[in-house]
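The values are calculated or read from the model by the stated rules, or taken from the named source; none is laboratory data. Nothing here was measured: the structure is a model prediction, and the numbers come from that model. Ideal geometry is used to build each Cβ from the backbone, glycine not excepted, and the neighbour counts take in all protein chains shown.
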Amino acid sequence: MLRGLYTAAAGMIAQQRVHDTATTNIANLNTTGYKATNALNRSFPEMLLSMSGKNDMPVQKIGRISTGVLAEESIALQIQGDLNKTDKPTDFALISEIQAPGINFDESGKSVAEDGTVTYRPQAYFTVLNEEGEVRYTRGGEFKLTDDGALVTADGSPVLGANSQPIVFPQGTSLETLKLNGNFEFTDAAGNATGQSLLITLVDRVNDLVREGDGKFRLNGEEGAAAMAPGEGVEVRQGYTERSNVDPSQAMLDVMGAMRAYEANQKVIQFYDKSLEKAVNEIGRV
């Protein structure tokens, strides 16, 4: 009986995690470059039930029983979001349509081969630095210039250039007068090169990206990320931002499904509680 109680409690904890993930997605429907997150559940290791034999009879196997569910991890859905035209020269959006030879990706950005091998579509990201000076990746392209001429994100993170150094323009430069060409290079109003260009990073291990907040991701390990050359299935559009890729309808369904599953496990726990109460207070007096 207690095993069932623990199983129901594990189910409640897992559904709470699913609910929290879905509500976070809904809260970020209008966050530029936000990537939807899916909570993944898995079952605890199953237990093999058996009945001990007697009179030299072998042990008889009864079967297996599940011991609950675990909210294992949350994975960001790294696929392209829709573009929002802002006409602001300080806004930039990435269009990432990278293809792999001989591989067809589905709408979720993955491909499953006949032998079961899963391949995820590589994605391109703006490259920035966090407060500790560590490299991070983002799709949020709402940039601005500081008084010192440094190009930063909305939260003040330095944007890296092709030389892997923060982009810094001469003081007094206005981002409104700068244009980004097809080679990711900034030019002035007359079309002259400024010597600065965006560092666009290709990440092929997108499922290994770890969300850190403020739209930033980190990639554990040195492999799996490389600078991109123009014309490799990636375009940067000035005057646009990338919308969140959250599906509002699916997010609401996830919230309602998690609530109903949570309530179902709650009722199971109430049933066990009443059964234990009866066993202690009534059967115990007999």
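Quick one: in segment 113-134, which of the residues that are modelled with pLDDT of 85 or more and surrounded by fewer than 16 Cβ atoms within 10 Å (Cβ to Cβ) is nearest to the chain's Cα centre (by Cα)?
The qualifying residue nearest to the chain's Cα centre (by Cα) is GLU134.
Counting just the residues of segment 228-248 that are modelled with pLDDT under 90 and crowded, with 18+ Cβ neighbours inside 10 Å, which one comes out nearest to LEU160 (Cα to Cα)?
Filtering first and then ranking leaves MET228.
Of all residues in segment 90-127, how many are assigned to a strand (DSSP E or B), touching a residue at least 24 places away in the same chain (Cβ under 8 Å) and farther than 26 Å from LEU151 by Cα?
1
I'm trying to understand the selection: among the residues of segment 26-65, which are among the small types (Gly, Ala, Ser), farther than 30 Å from THR153 by Cβ and either at pLDDT below 70 or surrounded by 15 or more Cβ atoms within 10 Å (Cβ to Cβ) (or both)?
SER50, SER52, GLY53, GLY63
Within segment 243-257, restricting attention to residues that are in a helix (DSSP H, G or I) and among the polar types (S, T, N, Q), which residue is nearest to the chain's Cα centre (by Cα)?
The selected residue is GLN250.
Out of ALA225, ALA261, ALA251, which single residue is modelled with pLDDT under 85, surrounded by 17 or more Cβ atoms within 10 Å (Cβ to Cβ) and under 30 Å from ALA39 (Cβ atoms)?
Only one candidate passes the filter, namely ALA225.
Scan segment 67-110 residue by residue and report those that are more than 21 Å from the chain's Cα centre (by Cα), under 27 Å from LEU198 (Cα atoms) and β-branched (Val, Ile, Thr).
Listed by number, the residues that qualify are THR86, THR90.
Determine if segment 99-109 includes at least one residue that is under 24 Å from GLY233 (Cα atoms) and modelled with pLDDT of 90 or more.
Within segment 99-109, none of the residues are under 24 Å from GLY233 (Cα atoms) and modelled with pLDDT of 90 or more.
Could you say whether any residue in segment 233-248 is aromatic (Phe, Trp, Tyr), out of contact with any helix residue (DSSP H, G or I) (no Cβ under 6 Å at 6 or more places or on another chain) and closer than 30 Å to ALA39 by Cβ?
The answer is no; no qualifying residue exists.
Does segment 144-163 hold any residues that are in a loop (DSSP other than H, G, I, E, B), more than 16 Å from THR31 (Cβ to Cβ) and not β-branched (Val, Ile, Thr), and which are they?
Within segment 144-163, ASP147, ASP148, GLY149, GLY156, ALA162, ASN163 meet the criteria.
What number of residues within segment 189-201 satisfy the criterion of being closer than 17 Å to PHE92 by Cβ and either touching a residue at least 60 places away in the same chain (Cβ under 8 Å) or not hydroxyl-bearing (Ser, Thr, Tyr) (or both)?
Count: 5.
Within segment 148-162, count every residue that is over 28 Å from the mean Cα position of the chain (by Cα) and touching a residue at least 24 places away in the same chain (Cβ under 8 Å).
Number of matching residues: 1.
Mind checking whether some residue in segment 190-209 is of a type outside the set (A, V, I, L, M), in contact with a Leu (Cβ under 7 Å, 6 or more places away or on another chain) and either at pLDDT 90 or above or exposed (fewer than 14 other Cβ atoms within 10 Å of the Cβ) (or both)?
No: segment 190-209 contains no residue that is of a type outside the set (A, V, I, L, M), in contact with a Leu (Cβ under 7 Å, 6 or more places away or on another chain) and either at pLDDT 90 or above or exposed (fewer than 14 other Cβ atoms within 10 Å of the Cβ) (or both).
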